[in-house]
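Working notes for the structure below.
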Amino acid sequence: VQWTFSEYLIQNLAQTFPSFCDQELLTSRQGRSQIKVGFYSNAQYFTRDLLLNIRLLGENIAVEIDRAAQMNIELSSLTSMANRRTIFNLKKLGVLEIFDSEILSDFEVWHTVNNRSHILLKAACVIAIDDIAGKLRLGDFERLSAWQLDLLFGNINQVDKLF
């Protein structure tokens with residue numbers, strides 16, 4: 001398996017430092033099975049900030065390459081940076097629809113949500129962003145990549161004022 005630098009860094013940060021390993025235990029509705037789900041948000045935010053602020057290093061010298069190409073190469077795997085703000089904005093924009101009343105009630109108290117509903121919402125957000133990025137493709141040309149959409153939806157403030 002060939003990893004990008006970002007994947008390698010995220011994996012190693014998560015394995016080495018507990019604060020970068022934000023895994024949750026997901027239990028099925030029947031309570032019969034459990035799996036660990038890791039979004040590694042902290043490691044991904046760190047890696048994203050690192051890559052956005054430094055140049056890639058080549059063979060002992062800094063390699064000058066197109067900035068957009070660098071970000072596509074190195075951040076293409078960072079599609080699960082989805083945070084609570086991103087989920088909130090996607091819900092407000094009507095991209096994510098939530099029908100489960102339990103999840104809706106959890107959604108109103110974000111700071112306390114850290115359970116199955118939260119994990120499922122983050123997963124739905126990741127899928128939605130990947131889907132939007134796919135629909136924005138024009139042949140081989142990527143108009144907005146998944147990581148750029150993560151940044152966009154995560155940084156929009158006051159979505160209500162857009163409409």
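The values are calculated or read from the model by the stated rules, or taken from the named source; none is laboratory data. Just so it is clear, the model here is predicted, and its values are computed rather than measured. Neighbour counts run over all protein chains shown; Cβ positions are idealised from the backbone, glycine included. Calculation scope for accessible area: heavy atoms of the full protein, side chains included, ligands and nucleic acids excluded. Shrake-Rupley method; radii C 1.70, N 1.55, O 1.52, S 1.80 Å.
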> Of the conditions (1) under 12 Å from SER80 (Cβ atoms); (2) open to solvent by 50 Å² or more (accessible area, probe 1.4 Å); (3) not polar (S, T, N, Q), LEU50 fails just one. Which one is it?
Replying inline: (1)
> Under the condition of being farther than 23 Å from TYR8 by Cα and among the hydroxyl-bearing types (Ser, Thr, Tyr), which residue from region 19-44 is surrounded by the fewest Cβ atoms within 10 Å (Cβ to Cβ)?
Replying inline: SER33
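Within region 84-114, how many residues are modelled with pLDDT under 75 and either in contact with a helix residue (DSSP H, G or I) (Cβ under 7 Å, 6 or more places away or on another chain) or closer than 15 Å to ALA146 by Cβ (or both)?
Number satisfying all stated conditions: 5.
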>> Between a residue in region 1-24 that is over 14 Å from TYR45 (Cα atoms) and any residue that is assigned to a loop (DSSP other than H, G, I, E, B), which pairs come within a Cβ distance under 6 Å, given they are 6 or more apart or on different chains?
In response: THR4/SER77
> Among the residues of region 116-130, how many are open to solvent by 60 Å² or more (accessible area, probe 1.4 Å) and either modelled with pLDDT under 80 or over 23 Å from THR47 (Cα atoms) (or both)?
Replying inline: 2
> Considering region 9-58 alone, what residues qualify as being more than 18 Å from the chain's Cα centre (by Cα), closer than 21 Å to SER117 by Cα and either modelled with pLDDT of 85 or more or in a loop (DSSP other than H, G, I, E, B) (or both)?
Replying inline: SER28, ARG29, GLN30, GLY31, ARG32, SER33
